[in-house]
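What follows is a single structure, written as structure tokens, with notes after it.
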């Protein structure tokens, strides 16, 4: 197509504008892909780190797998619904923290299990 004078200049400007928009979209798409790959690898690194440290994520906090197993043992021994048993365990842990500060969570849960078993013997 042959354009004359001002029309030719307008056609070139429109073509350059379209090329610029296409380039910006291409760069944007490439950046999104790179970000997605980075986030995926970051997620794998976090997951691997949790496996190495022997921790799992529960309710937006990381707890050790051992503590989770101990909590389940307490809940199963308690004999009421899981929610009631978990609430009771949390209250007992708070009381034990006040009575015996500076112990680790595993100790508190093991102590709660021991106390529950001891009370059941009576």
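The values are calculated or read from the model by the stated rules, or taken from the named source; none is laboratory data. Everything numeric in this text was worked out from a predicted model, so none of it was measured. For neighbour counting, all protein chains shown are included, and Cβ atoms are generated from backbone atoms with ideal geometry for every residue, glycine included.
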Taking the condition assigned to a helix (DSSP H, G or I), at pLDDT 90 or above and loosely packed, with under 15 Cβ neighbours inside 10 Å, does residue 119 pass?
no
Can you confirm whether segment 86-96 contains a residue that is surrounded by 12 or more Cβ atoms within 10 Å (Cβ to Cβ) and touching a strand residue (DSSP E or B) at 6+ places or on another chain (Cβ under 9 Å)?
no
Considering segment 47-76 alone, what residues qualify as being surrounded by fewer than 10 Cβ atoms within 10 Å (Cβ to Cβ) and at pLDDT 60 or above?
none
What number of residues within segment 97-110 are closer than 16 Å to residue 64 by Cβ and either outside any helix (DSSP H, G or I) or out of contact with any strand residue (DSSP E or B) (no Cβ under 8 Å at 6 or more places or on another chain) (or both)?
6
Six or more apart or on different chains, Cβ under 7 Å: which pairs go from a residue in segment 72-97 that's over 15 Å from residue 115 (Cβ atoms) to one that's surrounded by 15 or more Cβ atoms within 10 Å (Cβ to Cβ) and modelled with pLDDT of 90 or more? Could you list them?
82/75; 86/75
